[in-house]
1. Any idea of Tyr12's accessible area? Nearest 10 Å², probe 1.4 Å.
2. If you add up the charges near Gly84, with Lys and Arg at +1 and Asp and Glu at -1, over every other residue whose beta carbon is less than 13 angstrom from its beta carbon, what do you get?
3. Distance in nm between label sites at Thr99 and Phe6, each 7 Å beyond Cα in the beta-carbon direction?
4. With a probe of 1.4 Å, find how much accessible area segment 59-123 has per residue, and write the answer as a whole number in Å².
5. Order of 100-111, 201-212 by packing, highest average Cβ count within 10 Å first?
6. With runs of 4+ DSSP H residues as the only contributors, calculate the mean residue ellipticity of the chain at 222 nm using -39,500 (n - 2.57) per run, divided by the residue total and rounded to the nearest 500.
7. Taking springs between alpha-carbon atoms closer than 10 angstrom, which of His16, His96, His53 fluctuates most in the Gaussian network model of the chain?
8. What's the magnitude of the charge dipole for segment 1-88 around its Cα centre, counting Lys and Arg as +1 and Asp and Glu as -1 at the beta-carbon? Answer in Debye, nearest 20.
Amino acid sequence: FKLIAFAKNLGYEIIHLTSNGRKIADKTYAKELLSSEIASLLISLHGHEAALHDGLTQRVGSFEETMEGIKNVVRLKPKDLDFGVNTTVTEQNYRHLDTMAALLLDCGVINFNIQILTPFGHVQDDVVVEPSKIAPYLMKLIDKHRDKLRIQLINLPFCYVPGYESYCVSDTFKLGRHMHFVDSECGAVNLAEYLGGKRSKTDQCARCLYDSICGGFYHFSHEDHCS
């Protein structure tokens with residue numbers, strides 16, 4: 001809360017917070033957070049059950065805490081606070097996205113961000129899943145829940161979901177974002193430029209209507225994120 005107040009004093013008008021939601025399971029803490037001057041809150045949920053979520057986070061009990069945090073936000077948040085849940089899609093969870101959507105609706109969540117893995121930070125090989133495998137599940141999910149959920153597909157090239165391009169969020173907005181990695185000495189990097197260096201295009205991209213706003217296809221390596 002001191003950091004939020006400090007940012008406001010520096011002149012930042014809009015403050016977004018992303019959290020695993022575990023601390024927000026405490027109702028007193030949740031009330032204090034939601035009465036602070038944040039403009040939006042995004043909680044990460046990576047599975048529809050404890051076995052899946054806890055397996056990905058490597059923290060036993062994290063699913064129950066995150067779910068309680070989500071419920072506290074839905075119950076206590078002010079009307080003008082933009083709130084949503086974010087899921088990073090992995091080999092382990094992409095088949096369960098529909099169940100997760102139903103779970104969020106039961107909790108009263110209406111904003112669902114589905115984020116495709118990017119070569120940002122570090123990731124194990126068994127977590128990475130090809131977007132072509134995910135795409136059919138995403139389109140079925142949108143067909144089923146689009147009337148009740150506001151769904152955004154993050155980091156997914158448009159060509160994987162023909163007819164559903166309006167749900168894809170391009171990298172354009174990342175041009176205004178600069179990142180500081182706390183575990184390295186590489187300093188600040190522009191997010192769009194950094195991720196752009198991890199993308200490549202094929203001949204088919206030149207024929208795509210979305211070529212000018214799509215960065216292309218991500219490629220993964222075992223290099224550190226400073227490289």
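1. Surface open to solvent at Tyr12 totals about 140 Å².
2. Local net charge: +1.
3. A separation of 4.2 nm, rounded to one decimal place.
4. Heavy-atom accessible area per residue stands at 44 Å².
5. 100-111, 201-212
6. -9500 deg cm²/dmol
7. Looking only at His16, His96, His53, the biggest GNM fluctuation is shown by His16.
8. Approximately 220 debye in magnitude.
The values are calculated or read from the model by the stated rules, or taken from the named source; none is laboratory data. What you see is a predicted model; the values in this text were computed from it and never measured. As a convention, Cβ positions derive from the backbone with ideal geometry for all residues, glycine included, and neighbour counts pool all protein chains shown. Ligands, DNA and RNA are stripped out before the accessible areas are found, and what is left, the full protein with its side chains, is counted by its heavy atoms. Shrake-Rupley method; radii C 1.70, N 1.55, O 1.52, S 1.80 Å.
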